[in-house]
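The values are calculated or read from the model by the stated rules, or taken from the named source; none is laboratory data. Bear in mind the structure is a predicted one, so any value in this text is a computation, not a measurement. Every residue, glycine as well, gets a Cβ built from its backbone with ideal geometry; the counts of neighbours run over all protein chains shown.
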Amino acid sequence: MTYQIPPEAACFVDREDEQARAFRAVAEWGGRSRPLCLALSGLGGAGKTELAFRIARLQRDRYTDGALYVDLDEWRRDGAVEVDDVLRELLRSLGVGSEWLGHSFQARCKQYWTQTDGKRLLVIIDNARYGAEVVPLLPASGQSLVIVTSQGPLYDLEDGAAVDLPLAPLGDRHAMELLQHVVDDPRLAVEPEAAAGLVRLCSGLPAALHVAGRWMRRHRRRPLARLLAELTAELHDKGVAVVERVWDAAYMTLSPQARLLYRLLDVVPAASFTVDSAAALLGRGREAADEALEELESAGLLDLRGERIRLPELLRAHAARCAERDGASQEERAEGQRRIVRWYLRQAQRADAIAAGARLTLAAPVPPIENTPDVPFEQPAPTGHAPAREPVTGALGWLEAERAALHGCVRIAYARGLDAEAWALCEPLWTHYLDHPYGTDTIEAFRTGILAAQRAGDVPALVRMRCQLARALWEREDFEGARQQMERALNAAGSLGETDTDRKLAASATEFRGMLRQARGDWAGAAADFQAALETHRTIGNTYGVMLQTYRWGQALAAAEDWEQAASMLEQAHAMAGDLGRERMTARTGFALGHVVRRLGQSDRARALYEAALISARHRGAEQDQARILDAFAALAEETGNEAEAQRHREAALAIRTRNGALG
C-alpha cells in the first residue's frame, strides 16, 4: 500500500470545528458513485496543508488502499498545470509501470479510473487554483476521500461536488497557544502586551507564528518588548504585508552565508530541491550548505522534513523580494543560475553514462565543479563488456526524481543564453524519456533544445534534437509533425563532415526516419533506411550499431512477411547481441526471432527462444515485455493444440495488464 503522508507536525492547535465537519461528512458519506471531496481554502500560510495531512492521518484506517499526495505547484508552469503529467505521477504511485502509461490525456484518465475503481483511497491535491485542475484527478470510487487545498474557493467545481471548509486565520487565543507550543518561553507570560503585539503581527497565520517562535529562540536573552520594537522597525516596502515583517526579521538574523542561500532559493528550477542541489546553488561546499540550511530551518524559513526540501510559495516570493532589495541581486542571481544549470548538467551526464552505457553523445562532459559535491551514484559492476551496461536503478531513479528540475534548467539555460547547456541537458533527458515516455514537458524541452542549437549554429546538436523531438511526436501519433522534424534533421545531416562521429550521427538520423516509416506501416521504406544505416555503422566499425540496425531491418522484413530473409537477419542480430553481453537486446532479438521461426514451422525452437526472453523480462522486471511474450506463448500453444496451456498464458498476461490498468 502506498502511503505518502508525512509524519505529524510537532505543533498543531485549533481547527476543531473544521475537523468535526470533515469527520461528520466522512461518516455520513456512503453509497455514492463519486468520492467525497473536502475543499480546504484560506490564505497562504493558514495551515491548509497541515490540516489536510492531519485529517488524512486520523482517517487512514477507513482508506485501506493507500494515501496519495500531489502538489499541483510542482506541475504548474506559467500558471497552468499539465494535468496529464499529474495523472502520470498518480498512476505510477498506484503501481503502473512507465511502459504501460497511456499516450494521451484521455487514455490516462481511463487508466486512472480503472486503477481507482472500487478502492478505498485517500488523495490530497495541494495548491489547486481551479476546479478544472481537480476533476480529472478524482478517483472513480465513491469509497474514496479527496482533500483539496486552495487559497480561494474553487467556484468552477460542480455544485455539490465538495464540502467547503474555509480556514480563517487563527484567533488571538489559539495563535498564542500555537506560539507557546513553538517556543516554551517565560517571556510570553512575563510580557503579555509584547507577546500580544507579536501575535498580532503574525496575523493569525501558523506559518508566521512558527517563524516568530523560532526567532524568539534565537534571542532568548533579549526582552520581548525590545524584540517586538526591532521587528516593527523592519518595514521596508509599504506594499509588503505586515506579516512579512516577521520573515524579514528572521532573515536579518541569519549569517551572510545563510542569507545568500535564501536569496538564491528563488532560482531553484523546481518546487522542491535536495541538500546536494542547495550546495551547488550556494557554491561554497557541502559543509557550508548544511550549516546554511540548518540556520534557515532554525529560523522557520524552510521545512526539512523528508528527502526533498520545499520552499512554500509565500516564502519563495519573500526570498525573491530579499534578493531584489539587497545589492547586486541581478549578478548574484545570474551566477546562481549558471552554477545550478552546470551542476545539474554534470549530474545528468553522469547518470546518463551509468543508465545508458556507451552511446553516441555530442555534448562535452562537464568537469567537476569547484566547491560543489557530486551525487554519489552507485556504479555498475564490471561485466567485461564496457558498452554492455544495463540501466542502474539509482541513476535512472535520480533522473526521474529530478525531472522537473532538469526541465526547469533547460528553460533557465535558454533564457540566459547558455545554449550549449540547454541542448546538452536534452541528451540525458532522452535516456529518461525512453524509460518514462509521453511527457509533455519532454516535448517542450526538446523544442527548446532545437532553438538553442539553432541559435548556437551547432548543426550536429540540431540533428540530434530534431530526431529526439520527432520520436516524441510520432509516439503521440503526430506523424506529420514528426515527418517535418525528420525532413529538417536529414537536411541538416547532409552538411555534416566525414568524421566517424558525424557519420554515426547521420546514420542515426536515417535510423530515426526508418523508425518513423515503420510506425506508419511503410515496411519497405523502413527496411531501406535500416539497411543504409547498417552499412554506415559497418564502415566505421561500430559493432553495436551494426547489431541494432540488423535487428531493426529484420523486424521490418518480418512485418512485410519476408520470413526467410527476416530469420537470417534476426539470427545475426541475436548472435551479435549475445556476444556484446547486451541482456535486453539479446532477449528482444530472440523474441523477434522466435516469432519468425514460428511462422516457418519451427515450434520447438520458437518455444525455447520465448522461454529465454521471458526469463530475461522477469529478471529485468519488464512487465510489458512479459505480457507480450505470454501472448506469444498462448498463440504457440493454441497452434500446437494445447488449449489448456494457451489459457494459462492468456490469464497470466491478463493479470499483468489488469494490474497496470492497461485493458481496452
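In table form, for the structure just shown:
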read-out: Hits in the range 335-375 (condition: crowded, with 18+ Cβ neighbours inside 10 Å, among the charged types (D, E, K, R) and in contact with a Lys or Arg (Cβ under 9 Å, 6 or more places away or on another chain)); value: Asp352
read-out: Every residue from the range 58-86 that is closer than 15 Å to Leu122 by Cα and out of contact with any strand residue (DSSP E or B) (no Cβ under 9 Å at 6 or more places or on another chain); value: Leu58, Asp61, Thr64
read-out: Hits in the range 1-56 (condition: within 19 Å of Gly152 (Cβ to Cβ) and among the hydroxyl-bearing types (Ser, Thr, Tyr)); value: Ser41, Thr49
read-out: Subset of the range 475-492 [modelled with pLDDT under 95 and at negative phi]; value: Glu475, Arg476, Asp478
read-out: Set Met547, Met576, Met569: member being within 34 Å of the chain's Cα centre (by Cα), buried (at least 18 other Cβ atoms within 10 Å of the Cβ) and not small (Gly, Ala, Ser); value: Met547
read-out: Looking only at the range 595-629, and only at residues there that are surrounded by fewer than 18 Cβ atoms within 10 Å (Cβ to Cβ) and among the acidic types (Asp, Glu), the one that is nearest to Tyr551 (Cα to Cα); value: Glu611
read-out: Some residue of the range 281-300 being surrounded by fewer than 19 Cβ atoms within 10 Å (Cβ to Cβ), assigned to a loop (DSSP other than H, G, I, E, B) and within 21 Å of the chain's Cα centre (by Cα); value: no
read-out: From the options Gly197, Gly213, residue that is under 23 Å from Gly47 (Cβ atoms) and under 40 Å from the mean Cα position of the chain (by Cα); value: Gly213
read-out: Among residues of the range 408-454, those that are small (Gly, Ala, Ser) and in contact with a Pro (Cβ under 9 Å, 6 or more places away or on another chain), counted; value: 2
read-out: Breaking point among (1) touching a residue at least 60 places away in the same chain (Cβ under 8 Å); (2) part of a helix (DSSP H, G or I), for Gly661; value: (2)
read-out: Which numbered condition Met1 fails, given (1) over 30 Å from Ile443 (Cα atoms); (2) in contact with a strand residue (DSSP E or B) (Cβ under 9 Å, 6 or more places away or on another chain); (3) surrounded by 14 or more Cβ atoms within 10 Å (Cβ to Cβ); value: (3)
read-out: The one condition in (1) under 17 Å from the mean Cα position of the chain (by Cα); (2) farther than 21 Å from Thr440 by Cα that Ala162 fails to fulfil; value: (1)
read-out: Qualifying residue in the range 633-644 (condition: polar (S, T, N, Q), within 30 Å of Thr116 (Cβ to Cβ) and modelled with pLDDT of 90 or more); value: no
read-out: Restricting the range 390-439 to residues that are β-branched (Val, Ile, Thr) and crowded, with 17+ Cβ neighbours inside 10 Å, the residue that is farthest from Val96 (Cα to Cα); value: Ile412
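Yes/no per residue for (1) modelled with pLDDT under 85; (2) crowded, with 21+ Cβ neighbours inside 10 Å:
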| site | (1), (2) |
| --- | --- |
| Ala39 | no, yes |
| Gly45 | yes, yes |
| Leu51 | no, yes |
| Thr64 | no, no |
| Leu72 | no, yes |
| Asp84 | no, yes |
